[in-house]
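Q: Sharing a structure with you now.
The values are calculated or read from the model by the stated rules, or taken from the named source; none is laboratory data. As the structure is a prediction and not an experimental result, all values here were calculated from the model. Cβ: placed from backbone, ideal geometry, glycine included. Neighbour counts: every protein chain shown. Heavy atoms of the whole protein, side chains included, go into the accessibility calculation; ligands, DNA and RNA do not. Shrake-Rupley method; radii C 1.70, N 1.55, O 1.52, S 1.80 Å.
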Amino acid sequence: SSETFWTTTGMFPQEFIIAFPKCVKISKVAIQCYLVRTLRIERSTSQEPVGFEQCVEKDLQHAEGQLQVEEFPLPDFQATYLRFIIKSAFDHFVSVHRVVAEGT
């Protein structure tokens, strides 16, 4: 539900990690967020959430009063963990409303 969300605590960078039950193949990641300026996505294929490598980093467009919707195609991409790092923002607090990873 986009009515529920995770919010930052006001300082940057902020991060959260999504864990999969095993290493999966991901073709695309989509995110709905609010007031995020710079977002980096990293992955790990380890058993534990260590050894992350950067996959994509993007400056997002500000959409006043609307959720930002971004999609990141990731061909031939495998991960056990995805780490999302919000490096900067358009305000002191931002929110993440939805993350979708498509693949097998």
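Q: Would you work out what percent of the accessible area of the chain, with all protein chains in place, is carbon or sulfur (probe 1.4 Å)?
A: Working: 3050 of 6240 Å².
C and S fraction of accessible area: 49 percent.
Q: How large is the dipole of the chain about the Cα centre if only Lys and Arg carry +1 and Asp and Glu carry -1, each at its Cβ, rounded to the nearest 20 debye?
A: Values: 10 positive and 13 negative charges, 41 e Å.
Dipole about the Cα centre, nearest 20: 200 debye.
Q: A follow-up question, please. Let me check the size of the stretch 56-103 from its C-alpha atoms; what are the radius of gyration and Dmax in Å?
A: 12.5, 36
Q: Let me ask something else. Compute and list, largest first, the equivalent-ellipsoid semi-axes of the chain from the alpha carbon gyration tensor, each √(5λ) rounded to a whole angstrom.
A: On the way: eigenvalues 108, 41, 30 Å².
After diagonalising the Cα gyration tensor, the semi-axes are 23, 14, 12 Å.
Q: With a 1.4 Å probe and all protein chains in place, put CYS23, CYS33 in order of accessible area, largest first. Can you show the working numbers first?
A: Values: CYS23 60, CYS33 0 Å².
Output order, biggest surface exposure first: CYS23, CYS33.
Q: Please list, ordered by chain and number, the residues whose modelled amide H lies under 5 Å from the amide H of ALA63; skip anything fewer than 5 residues away on the same chain.
A: Those qualifying (amide H under 5 Å, at least 5 residues apart or on another chain) are LEU35.
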